[in-house]
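J.: Mind having a look at this structure? Questions to follow.
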Amino acid sequence: MNSFTNLVKGLPPIQLFQDPIHQRNYVPLDLSVHNPDLKQLNISNANDCQRYVDLIANNNCNIPYGGYLEKRNLYGSSDRFNNAEIRNIHLGIDFWLPEQTVVLAPLKGKVHSFANNADFGNYGPTIILEHNINGFNFYTLYGHLSLDSIDTLFVEQEFNQGSLLARLGATEINVGYAPHLHFQVILDIQTYTGDYPGVCSNTNLDFYKDNCPNPNLLLKL
């Protein structure tokens, strides 16, 4: 991860959304188990979650974001996170914005893979881009997209920095969540295609923390 940190240190901040969205205030959103405001809410319910997001968004004046390495109760209603081990530590950064919000390619890259991960609690439509900067390869993942974001996509399709990559999906498309973008950095994609864990257990945290560095190293928010 140190190589990645050094690589991106001199890069300008990336941009995931179009102006004027990009020019709004980015405000941290705490969805952790430690937030007392959530004790009276069923945060795993999309409607309850959206009401809390709207409160932080303050009539769309702000973009609520955050969640890297945040321990959450958000996944309690999905069996995929509660099998042999409880997985509740979030590995990316979420941006809570309305469905159909345009997502830009933040860096030049090509499509590594994509899929509609449609089981409840998963990403729904997902794109993974592969990037190479000064000989260093890494990947970025975009989850909770609209179906038409992957309709005409193909592997190795190239995107320039700032070009339209996708749009955010509705709750029924992103399989149970209020509309948002899950943005994650991955150094070693392993054998995954169209998917990669976005939540881990405490047992595997050291591995995933190294393999999925903080996206804010690129965002610089």
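J.: Find out how many positive minus negative residues lie around Val111, taking Lys and Arg as positive, Asp and Glu as negative, among other residues whose Cβ is under 10 Å from that of Val111.
T.: Details: positive: Lys110; negative: Glu130, Glu156, Glu158.
Here the charged neighbours net out to -2.
J.: Based on alpha-carbon centroids, what's the gap between the stretch 26-41 and the stretch 172-192 in Å, whole number please?
T.: Result: 21 Å between the Cα centres.
J.: Continuing with the same structure: Could you tell me the largest-minus-smallest coordinate of the C-alpha atoms of the chain on each of the three principal axes, in descending order and whole angstroms?
T.: For the chain, the Cα extents along the three principal axes come out at 49, 41, 34 Å.
J.: Per DSSP H run of at least 4 residues, take -39500 (n - 2.57); add these up for the chain, divide by its residues and hand me the 222 nm value, nearest 500 deg cm²/dmol.
T.: -3500 deg cm²/dmol
J.: In addition: How much length, in nm to one decimal, is gained on full extension between Lys220 and Asn137, taken as 0.36 nm per residue of separation minus their Cα-Cα distance?
T.: Details: separation 83, 0.36 × 83 = 29.88 nm, distance 2.01 nm.
Extra length available between Lys220 and Asn137 comes to 27.9 nm.
J.: Tally Lys/Arg at +1 and Asp/Glu at -1 over every other residue whose Cβ is under 13 Å from the Cβ of Asp48; what's the total? Don't skip to the end; give the middle numbers.
T.: On the way: positive: Lys39, Arg51; negative: Asp37, Asp54.
Net charge around Asp48: 0.
J.: Determine which residues of the stretch 202-221 fall in the zone a paramagnetic label at Thr5 would reach in this model, i.e. backbone nitrogen under 12 Å from the point 7 Å along Cα→Cβ.
T.: Taking a point 7 Å out along Cα→Cβ of Thr5, the residues of the stretch 202-221 whose backbone N falls under 12 Å are 210, 213-214, 217.
J.: Which value, in debye to the nearest 20, gives the size of the charge dipole of the chain about its Cα centre, when Lys and Arg are +1 and Asp and Glu are -1 at the Cβ? Working shown, then result.
T.: Details: 13 positive and 21 negative charges, 104 e Å.
With Lys and Arg at +1 and Asp and Glu at -1, about 500 debye.
J.: Stretched out fully, how many nm does the piece from Leu69 to Gln100 gain, at 0.36 nm a residue minus the Cα gap? Show your work: numbers first, answer last.
T.: On the way: separation 31, 0.36 × 31 = 11.16 nm, distance 2.66 nm.
Stretched out fully, the Leu69 to Gln100 stretch lengthens by 8.5 nm.
J.: Around Asn35, under 11 Å between beta carbons, what's the net of Lys plus Arg minus Asp minus Glu among the other residues?
T.: 0
J.: Would you kindly calculate the mean projected area, averaged across all directions, of the convex hull enclosing the Cα atoms of the stretch 25-134, in square nanometres? The partial results should precede the final answer.
T.: Working: hull surface 35.3 nm².
The directionally averaged projection comes out at 8.8 nm².
J.: So for the pair Asn59, Ser163, with labels modelled 7 Å out along Cα→Cβ, what separation do we get in nm?
T.: Distance between label points: 3.9 nm.
Read-outs: derived from the displayed coordinates by stated rules, not from any lab. For clarity, every value in this text was computed on a predicted model and none was experimentally measured. All Cβ positions, even for glycine, are placed from backbone atoms using ideal geometry, and neighbour counts span all protein chains on display.
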